[in-house]
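Notes to accompany the following structure.
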Amino acid sequence: MLISSPVCRLKTREIAAAQQRLRRNEEHMQATEREMQTLRQELTRKETEVTRNKAELTRKEVDLAETRQQFIQKDAEVARKEAEVTRAEETIRREQQQIQEMRQRETELVQAKDREIALLQQQLGEKHSYTCQVSGPGLTSATVNQPTHVLVQLTDSSGRPYSLPLNVTAQLELVSKATPTNTPEATPTRSRWPWSKKQPEKQVLVAMTSPSQYEVSYTPVSRGQHKLHVQVNDREINGSPFTVTVYPDPRQLGHPVRTVTGLVKPYGIAFNSHQEMIVSECGGHRLSIFDIRGQKIRTFGSRGDSPDQMKYPTGIATDDTDNIYVSSEHKLQKFTSRGELIKCIGRRGSKEGEFNDPRGVTLYDNQVYVCDHYNHRIQVFDLDLNFVRSIGSRGKGRGEFDAPYDVKFDTAGNMYVAEFGNGRVQVMDTSGQFIRVFGQEGEGKLRGPSGLHIVDKYVYVSDYIGDCIVVYEISGQFVTSFGRRGQKEGEFNGPRCITSCVDGFIH
């Protein structure tokens, strides 16, 4: 029989609650056990990882120890190498010192030997030492089919004639020979010159005129630029090869090769180092520049009174750097090859550096010679256009001028002046001392000399009134003349300046 009472029911409930708490505690203990199991596993993993890290650390410590050992070995190797280098440098230093001592000894021996040789040469009168001096008309220019010569003078170091025999040889070589070309402004009027056929150069002869002097003689057959080679004992002498321009025989001139047109009253003419032809156009108040075939390259200049302008330009010359010197109305100008003004001097007057219608301009020995036309004198300037001196005064006597038009120099340094007023060519030395005159009488008499040009042994004079070109020998002896008044080929109308180019043509 069951007894039911409030107490029993309370106990029953307490027992159920206790059982429930017991189950919860068991579940909590199971969860805690599981967590502990997880922690044990994590601890095991961490211990394993620590073990691996310790092993890795141990391995790296071993590697580090090995590396340190390698560095120690390398340091030892470097120290050994440095010791070897030090020993090698010491060896090299000793060897260099020995070489220097040997060189010093060699120098002393050479100096001693040189002193012995010098003493021996002095005792022998220095007979085996010589120098060469070359001179003569054929050194820079010659004429086709006309013999010319060059003298080779041998002297010893004391200046005495060299007497021992030597082998002197020479050869003439044709370098360039220009041929006229059809161009719009350069029209050839004769296709072939009588001397332009290709021929071998005639033999160059060498003759001993004295024990210390040799004469090199040759007769060129081709017009143009040549090279003259002179050798002594198979060695080129100082200055060889020499540039020789061979010009045509003036007796065969008179047949134009080309004509340059389109100019306004051309007056002066000159060539620069590029063989460009520069023409002063008196009526155009400008300078025109052409190539060697007659093709116009450029022009510069305009009419005006400012320093870089010009009025009626006449005389023209160029220097070694292709600067251009121009005389125009009462002034003298210096331009670059491109037409840029460098300097301008002068005004109308008769004082030093003043002009009255200047004409011909020539450069010689780094000085500028200007024909001061109506002041009847030659004014001389340096290349910077500073006044140097004046030569001559008005008159008909020796050393006097009347309206000088042009001035030129021969290879001996003598000055030739074309006097328009006196109708003559007067020859003087550079100091102004009279030498001779020609062209005033007889065959070849000049009516109005206006231009001069000297090539080889000939003086070409343009006769403004006679409308011709008159040719003389350097001595003043008449040779020939060509041209007459007219507008056809080979005819002239008041010719002014005259010059030539390396191709041998007369312009």
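Structure data summary
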| quantity | calculated |
| --- | --- |
| Prolate/oblate/rounded label for region 387-431 (Cα gyration tensor, a/c 1.5) | oblate |
| Charge tally in the Cβ shell below 12 Å around GLU108, where Lys, Arg are +1 and Asp, Glu are -1, GLU108 excluded | +1 |
| Farthest positive-ward along region 293-363 dipole, Cα basis, beta-carbon charges - from ASN323, GLY353, PRO313 | PRO313 |
| Neighbourhood net charge (12 Å Cβ-Cβ; Lys/Arg +1, Asp/Glu -1) for GLU491 | +1 |
| Scaled radius of gyration (Cα, divided by 2.2 N^0.38 Å) that region 369-507 gives | 1.01 |
| Per residue value of the accessible surface for the chain (all protein chains in place, 1.4 Å probe), Å² | 57 Å² |
| Unit charges on C-beta of K, R, D, E only; dipole of region 365-507, Debye | 460 debye |
| Probe 1.4 Å, all protein chains present, accessible-area order of HIS274, HIS373, HIS255, largest first | HIS274, HIS255, HIS373 |
| Debye log10 I(q)/I(0) for region 274-397, one point scatterer per Cα, at q = 0.14, 0.17, 0.21 Å⁻¹ | -0.55, -0.80, -1.18 |
| Region 337-391: Cα Rg divided by the 2.2 N^0.38 Å rule of thumb | 1.09 |
| With all protein chains modelled, accessible area of ASP319 [1.4 Å, Å²] | 20 Å² |
| Normalised contact order of region 210-331, rounded percent, pairs of Cα under 8 Å and 6 or more residues apart | 15 percent |
| Top positive-direction residue, dipole computed over the chain with Cβ charges, set VAL85, GLY399, LEU39 | LEU39 |
| Sulfur and carbon atoms: percent of accessible area, the chain [1.4 Å] | 49 percent |
| Whole-Å semi-axes of region 398-468's equivalent ellipsoid (Cα gyration tensor) | 18, 14, 10 |
| Relative contact order %, the chain, counting alpha carbon pairs below 8 Å whose residues are six or more apart | 8 percent |
| Kirkwood-Stokes translational diffusion coefficient of region 1-121, alpha-carbon pairs, 37 °C, 0.692 mPa s, µm²/s | 128 µm²/s |
| At 1.567 mPa s and 4 °C, Stokes D of the chain from Kirkwood alpha-carbon radius, µm² per second | 42 µm²/s |
| C-alpha long axis of helix 6-123 to longest principal axis of the chain, angle in ° | 30 degrees |
| Positive-end extreme of charge dipole, region 216-265 - chosen from THR219, VAL264, LEU253 (charges on Cβ) | VAL264 |
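The values are calculated or read from the model by the stated rules, or taken from the named source; none is laboratory data. Fair warning: this is a prediction, and the values are worked out from it, not measured in the lab. All Cβ positions, even for glycine, are placed from backbone atoms using ideal geometry, and neighbour counts span all protein chains on display. Quick note on the areas: whole protein, heavy atoms, side chains included, nothing else; ligands and nucleic acids left out. Shrake-Rupley method; radii C 1.70, N 1.55, O 1.52, S 1.80 Å.
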